[in-house]
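Below is one structure; the comments refer to it alone.
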């Protein structure tokens with residue numbers, strides 16, 4: 001009876017611990033796009049300590065000892081070790097809750113993965129019934145399954161590939177069939193290394209002054225994201241569908257275009273975002289131009305005349321091309337007389353061949369948002385909107401969350417540019433900060449997914465920060481080391497550099513800097529949870 005009781009208690013504690021650990025593993029699998037491009041396996045490679053030196057390593061050793069030297073005392077020790085492990089995970093989770101940027105989303109795909117993983121455990125339970133006398137053996141197997149849960153989930157993800165393919169084709173054909181029926185719908189594709197979501201939202205806000213425009217929600221810019229948008233959100237009253245298109249490798253933009261068939265395309269700016277997964281700058285350039293090359297001959301492409309990677313690309317498409325710019329005035333639409341402050345931006349908009357210029361006002365900050373507004377203006381004119389309507393639309397454009405969004409936090413102004421930092425975008429954000437009066441603070445964990453150029457660009461970022469900031473707060477000592485080196489190389493006062501592990505600790509610190517002048521704090525980039533540094 002005592003033996004049975006110990007086995008039951010051990011299994012209960014083991015099960016609770018397994019659920020807690022599996023949730024963390026599932027979160028990392030989801031954040032790493034279900035191992036697209038081996039992202040999940042690469043994350044494991046960079047976090048071997050967390051994956052292999054977890055608390056249940058001790059439990060597995062005890063299971064092995066129990067198997068080799070059967071005795072109930074080992075079950076008692078194992079139960080106690082899992083109980084301690086549950087407590088440690090719970091305490092750790094409470095600490096990480098405040099740091100979590102994007103929690104695990106229990107989607108249908110996640111539920112299918114949970115089902116497959118549970119099936120694996122049920123097979124072990126069947127083994128238990130077939131060999132009831134081998135208690136220590138099947139307990140050892142259960143313990144090993146839990147210890148290797150990161151790989152169990154990886155294998156379950158592979159097993160589910162045929163299921164996911166079936167689900168994919170079901171929703172794909174449903175989406176394409178629906179689009180074919182909406183013959184009146186104008187489809188706009190937007191891609192680029194960054195600025196896609198901002199450009200999409202800006203275009204939607206401006207077009208909705210006169211039309212019914214429907215953008216893909218948030219950053220749902222994958223095949224599944226666009227299929228969800230089409231199948232669940234588009235309706236017969238929509239006149240314009242604005243599809244944000246993201247990619248991590250060659251051919252992915254073309255795949256999206258084959259599904260939605262855009263007639264209009266906006267290419268924001270080509271940079272180094274996701275260089276690690278693309279492999280080269282040339283691959284990034286060719287991938288982004290898949291949108292432009294896929295447009296029909298009567299389509300319209302809006303391109304950035306200040307982007308050398310767009311100017312140098314040999315476009316193999318005779319569709320209409322509208323070039324926009326700020327530095328380059330030899331384009332179809334350009335902006336000048338730009339002024340930014342805490343209330344937003346004001347600038348003049350000029351059109352090729354027209355003498356009259358138009359003054360535009362927006363709550364948005366930074367040249368990157370002005371580029372996005374110019375692109376939206378280009379298509380709005382193509383769709384027959386008057387300049388009065390366009391000016392009204394630009395004034396109504398809502399600040400985009402976490403994209404150079406300025407807001408008052410206590411006694412300081414926060415310039416929130418937390419989403420997907422990259423070298424060009426980071427420099428633009430610093431330019432915005434430099435225009436602000438008062439004390440200037442930069443809070444950043446640095447930039448990621450820049451391949452073997454990551455250290456170089458973060459070091460450069462440090463030198464650029466040194467030219468603007470009065471105070472610098474680096475989030476995560478290891479990841480921000482190149483930024484620190486860049487700051488020091490530029491002669492920045494090390495007494496004005498502070499290192500913290502949690503970005504939320506910076507808010508109270510920045511608030512304490514307030515003296516006579518206003519404080520403007522640029523929060524540049526916010527790494528996903530898979531990059532959290534442990535204290």
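The values are calculated or read from the model by the stated rules, or taken from the named source; none is laboratory data. Nothing here was measured: the structure is a model prediction, and the numbers come from that model. Positions of Cβ are backbone-derived with ideal geometry, glycine not excepted, and every protein chain shown enters the neighbour counts.
Points worth noting:
- All told, residue 306 meets the bar of being touching a residue at least 60 places away in the same chain (Cβ under 8 Å), farther than 21 Å from residue 216 by Cβ, surrounded by fewer than 21 Cβ atoms within 10 Å (Cβ to Cβ) and assigned by TED's automatic domain parsing to the domain that holds residue 381.
- Verdict on residue 291 being modelled with pLDDT of 95 or more, buried (at least 16 other Cβ atoms within 10 Å of the Cβ) and in contact with a helix residue (DSSP H, G or I) (Cβ under 9 Å, 6 or more places away or on another chain): yes
- Subset of the range 15-40 [surrounded by 17 or more Cβ atoms within 10 Å (Cβ to Cβ) and at positive phi]: 34, 35
Yes/no matrix, rows are residues, columns are (1) closer than 26 Å to residue 169 by Cβ; (2) touching a helix residue (DSSP H, G or I) at 6+ places or on another chain (Cβ under 6 Å); (3) modelled with pLDDT under 95:
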{"residue": "206", "(1), (2), (3)": "no, yes, no"}
{"residue": "219", "(1), (2), (3)": "yes, yes, yes"}
{"residue": "239", "(1), (2), (3)": "no, no, no"}
{"residue": "261", "(1), (2), (3)": "yes, no, no"}
{"residue": "299", "(1), (2), (3)": "no, no, no"}
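- Of all the numbered requirements in (1) touching a strand residue (DSSP E or B) at 6+ places or on another chain (Cβ under 6 Å); (2) surrounded by fewer than 20 Cβ atoms within 10 Å (Cβ to Cβ); (3) modelled with pLDDT under 90, residue 499 misses one, and that requirement is (3).
- Leading residue by the ranking (farthest from residue 521 (Cα to Cα)) among those in the range 470-487 that are in contact (Cβ under 8 Å) with a residue 40 or more places away in the chain and part of a loop (DSSP other than H, G, I, E, B): 478
- The range 64-73, subset in contact (Cβ under 8 Å) with a residue 60 or more places away in the chain and surrounded by 15 or more Cβ atoms within 10 Å (Cβ to Cβ), residue nearest to the chain's Cα centre (by Cα): 64
- Among the candidates 465, 475, the residue that is at pLDDT 95 or above, in contact with a helix residue (DSSP H, G or I) (Cβ under 8 Å, 6 or more places away or on another chain) and outside the structural domain of residue 104 (by TED's automatic domain parsing) is uniquely 465.
- Some residue of the range 204-214 being free of Cβ contacts under 8 Å to residues at least 60 places away in the same chain and surrounded by 24 or more Cβ atoms within 10 Å (Cβ to Cβ): no
- Picking from residues in the range 440-456 that are crowded, with 20+ Cβ neighbours inside 10 Å and more than 19 Å from the chain's Cα centre (by Cα), the one that is farthest from residue 526 (Cα to Cα) is 440.
Yes/no per residue for (1) out of contact with any strand residue (DSSP E or B) (no Cβ under 7 Å at 6 or more places or on another chain); (2) surrounded by 18 or more Cβ atoms within 10 Å (Cβ to Cβ):
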site	(1), (2)
313	yes, yes
344	no, no
348	no, no
378	no, yes
388	yes, no
391	no, yes
404	no, yes
